[in-house]
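Colleague: One structure is given below, represented as structure tokens, and several questions about it will come after.
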Amino acid sequence: MVDALVDAVHAAYPRLSHRYYSMKAKWLGLDTLMHYDRNALLPKADDRKIPWDEAKATVLNAYSRFSPDMAGIAERFFDNNWIDAPVRPGKAPGAFAHPTVPSAHPYVLVNYQGKTRDVMTLAHELGHGVHQVLAGPNGALMAPTPLTLAETASVFGKMLTFRSLLNSAKDDHTRKIMLASKVKDMINTVVRQITFYTFEYRVHLERREGELISDRLGEI
Ligand SMILES: [Zn+2]
């Protein structure tokens with residue numbers, strides 16, 4: 001299964017990431033895209049600040065259009081203060097949903113700063129949260145899931161929210177920027193992770209034969 005996944009992603013490099021990165025190089029006025037520019041913001045990206053209440057409404061409406069039950073579970077996170085949202089000194093960076101134990105309830109941590117991607121992150125973590133609530137009745141031994149399954153729920157919640165943000169985009173230009181950034185995220189989720197995997201796989205294979213010096217690591 002892993003080999004099939006890796007082969008499929010490798011085979012798709014030319015028509016997905018290679019094509020996207022050469023388009024992106026053109027948008028940025030470069031001949032070749034450097035590694036550090038892969039995630040550069042596109043010119044004229046929407047930088048409006050989205051208030052927390054609007055983010056909440058966006059995610060709940062998007063969820064509700066798919067399933068009112070799903071939105072109802074997500075709403076509990078807001079009503080019961082299960083989300084640590086604001087940025088403050090000393091707080092852990094990033095975002096996660098922690099299931100704690102099935103007899104309690106999950107907690108979500110985000111660092112909300114009002115960017116479109118922060119709304120998506122909220123939608124992502126609440127996808128985990130809803131899944132964790134629904135998996136709770138399976139009990140402490142059966143509720144936890146492998147990452148592959150866990151990310152299905154969160155990416156799904158995020159896609160629902162992306163769809164609804166896209167539908168309400170103010171013009172075509174904004175829609176294109178949003179789609180470009182979604183493609184970038186998908187490439188990061190799938191292609192980049194496979195390249196990390198491929199790198200580590202090769203390193204471990206060669207390390208079996210002896211020590212690796214930094215130059216060799218660089219070549220790999
Ligand atoms: Zn996740």
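Colleague: Confirm whether ILE220 is in contact with a Phe, Trp or Tyr (Cβ under 8 Å, 6 or more places away or on another chain), away from the ligand (no atom under 16 Å from the Cβ) and either over 30 Å from PRO43 (Cβ atoms) or at pLDDT 95 or above (or both).
Modeller: It is true that ILE220 is in contact with a Phe, Trp or Tyr (Cβ under 8 Å, 6 or more places away or on another chain), away from the ligand (no atom under 16 Å from the Cβ) and either over 30 Å from PRO43 (Cβ atoms) or at pLDDT 95 or above (or both).
Colleague: Confirm whether THR58 is more than 16 Å from the ligand (Cβ to nearest atom) and part of a loop (DSSP other than H, G, I, E, B).
Modeller: It is false that THR58 is more than 16 Å from the ligand (Cβ to nearest atom) and part of a loop (DSSP other than H, G, I, E, B).
Colleague: In the range 5-38, what residues are out of contact with any Asp or Glu (no Cβ under 9 Å at 6 or more places or on another chain), more than 14 Å from THR195 (Cβ to Cβ) and not in a helix (DSSP H, G or I)?
Modeller: Of everything in the range 5-38, those that are out of contact with any Asp or Glu (no Cβ under 9 Å at 6 or more places or on another chain), more than 14 Å from THR195 (Cβ to Cβ) and not in a helix (DSSP H, G or I) turn out to be GLY29, ASP31, THR32, LEU33, MET34.
Colleague: Out of the range 95-112, which residues are under 18 Å from HIS124 (Cβ atoms), out of contact with any Leu (no Cβ under 8 Å at 6 or more places or on another chain) and free of Cβ contacts under 8 Å to residues at least 40 places away in the same chain?
Modeller: Result: PRO106, TYR107, LEU109, ASN111.
Colleague: Pairs under 7 Å by beta carbon, first residue over 17 Å from HIS98 (Cβ atoms) and assigned by TED's automatic domain parsing to the domain that holds ALA57 in the range 139-163, partner modelled with pLDDT of 95 or more and surrounded by fewer than 18 Cβ atoms within 10 Å (Cβ to Cβ), six or more apart or different chains?
Modeller: LEU160/PHE66
Colleague: What is the number of the single condition among (1) at pLDDT 95 or above; (2) open to solvent by 50 Å² or more (accessible area, probe 1.4 Å); (3) over 23 Å from LEU179 (Cβ atoms); (4) within 14 Å of the ligand (Cβ to nearest atom) that ASP79 does not meet?
Modeller: Of (1) at pLDDT 95 or above; (2) open to solvent by 50 Å² or more (accessible area, probe 1.4 Å); (3) over 23 Å from LEU179 (Cβ atoms); (4) within 14 Å of the ligand (Cβ to nearest atom), only one is false for ASP79: (4).
Colleague: Among the helices (runs of 4 or more DSSP H) confined wholly to the range 99-191, which include 2 or more residues that are more than 14 Å from the ligand (Cβ to nearest atom) and over 20 Å from the mean Cα position of the chain (by Cα)?
Modeller: Correct list: 116-135, 172-187.
Colleague: Within the range 25-48, work out how many residues are within 30 Å of SER168 (Cβ to Cβ) and under 20 Å from the mean Cα position of the chain (by Cα).
Modeller: Qualifying residue count, the range 25-48: 9.
Colleague: Which of the residues spanning the range 13-53 are of a type in the set (Asp, Glu) and either within 17 Å of ASN188 (Cα to Cα) or open to solvent by less than 70 Å² (accessible area, probe 1.4 Å) (or both)?
Modeller: Once the filter is applied, which keeps residues that are of a type in the set (Asp, Glu) and either within 17 Å of ASN188 (Cα to Cα) or open to solvent by less than 70 Å² (accessible area, probe 1.4 Å) (or both), the range 13-53 yields only ASP37.
Colleague: So, of the residues in the range 192-220 that are open to solvent by less than 50 Å² (accessible area, probe 1.4 Å) and under 24 Å from the mean Cα position of the chain (by Cα), which turns out to be nearest to ALA8 (Cα to Cα)?
Modeller: Going through the qualifying residues, I end up with ILE194.
Colleague: Select from the range 82-98 the residues that are in a loop (DSSP other than H, G, I, E, B) and within 16 Å of the ligand (Cβ to nearest atom) and write down the one among them that is most open to solvent (accessible area, probe 1.4 Å).
Modeller: Checked the range 82-98; the qualifying residue most open to solvent (accessible area, probe 1.4 Å) is PRO93.
Colleague: For ILE73, only one of the following conditions fails: (1) out of contact with any His (no Cβ under 8 Å at 6 or more places or on another chain); (2) under 27 Å from LEU147 (Cα atoms); (3) open to solvent by 30 Å² or more (accessible area, probe 1.4 Å). What is its number?
Modeller: Against the list (1) out of contact with any His (no Cβ under 8 Å at 6 or more places or on another chain); (2) under 27 Å from LEU147 (Cα atoms); (3) open to solvent by 30 Å² or more (accessible area, probe 1.4 Å), ILE73 comes up short only on (3).
Colleague: Consider HIS131 against the criteria (1) under 20 Å from THR148 (Cα atoms); (2) touching a residue at least 24 places away in the same chain (Cβ under 8 Å): it satisfies all of them except one. Which criterion is unmet?
Modeller: (2)
Colleague: If you don't mind, another one. Any idea how many residues of the range 19-42 are closer than 22 Å to GLN113 by Cα and touching a helix residue (DSSP H, G or I) at 6+ places or on another chain (Cβ under 7 Å)?
Modeller: Summing the residues that are closer than 22 Å to GLN113 by Cα and touching a helix residue (DSSP H, G or I) at 6+ places or on another chain (Cβ under 7 Å) in the range 19-42 gives 2.
Colleague: Are any residues in the range 26-55 modelled with pLDDT of 95 or more and not acidic (Asp, Glu), and if so, which ones?
Modeller: PRO51, TRP52, ALA55
The values are calculated or read from the model by the stated rules, or taken from the named source; none is laboratory data. A quick note: this is a predicted structure, and the numbers were derived from the prediction, not measured. FYI the Cβ positions are ideal-geometry reconstructions off the backbone, even for glycines, and counts take in every protein chain you see. For the accessible areas, the whole protein counts, side chains as well, though only heavy atoms, and no ligand, DNA or RNA atoms are used. Shrake-Rupley method; radii C 1.70, N 1.55, O 1.52, S 1.80 Å.
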